[in-house]
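As structure tokens, the structure follows; a few thoughts come after it.
The values are calculated or read from the model by the stated rules, or taken from the named source; none is laboratory data. Keep in mind that this is a model prediction, so the values were computed, not measured. Don't worry about glycine lacking a Cβ; one is built from the backbone with ideal geometry, like all the others, and counts go over all protein chains shown.
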Amino acid sequence: MKNKGIRQYRFEANPRERDFAVAWEHENSKVCSTHLLEHLLSEDPYRCSAVSDRDREVAATIIQWLGSPVGQGFVLDVMSGNHWGIKEDKGEQRKAS
């Protein structure tokens, strides 16, 4: 795995973390001219930036964490609009879009 997080030992106890890690690896290993992480870190949306091994490790660790029980709670809170008790005015959000 080229895009490897630093806590893969948790996969057995947290299979969803493995699912997130495998999906991230798949997205960044597609045979095409741009890999997702290179595109995300590029300042120019039409060109890819070189990424370091550390960039890959940090990104993979965060993606893996999103599959953990705590990460899933974070995702669900954000998706429900109730993260940390902060509620957005949905009308204002629609106007800005």
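Observations on the structure shown:
- Qualifying residue in segment 3-20 (condition: of a type in the set (Lys, Arg), touching a Phe, Trp or Tyr at 6+ places or on another chain (Cβ under 7 Å), part of a helix (DSSP H, G or I) and modelled with pLDDT of 85 or more): yes
- Screening the candidates 60, 50 for the property of being in a loop (DSSP other than H, G, I, E, B), closer than 17 Å to residue 2 by Cβ and at pLDDT 80 or above yields one hit, 50.
- Residue check for residue 43: more than 15 Å from the chain's Cα centre (by Cα) and at pLDDT 85 or above: yes
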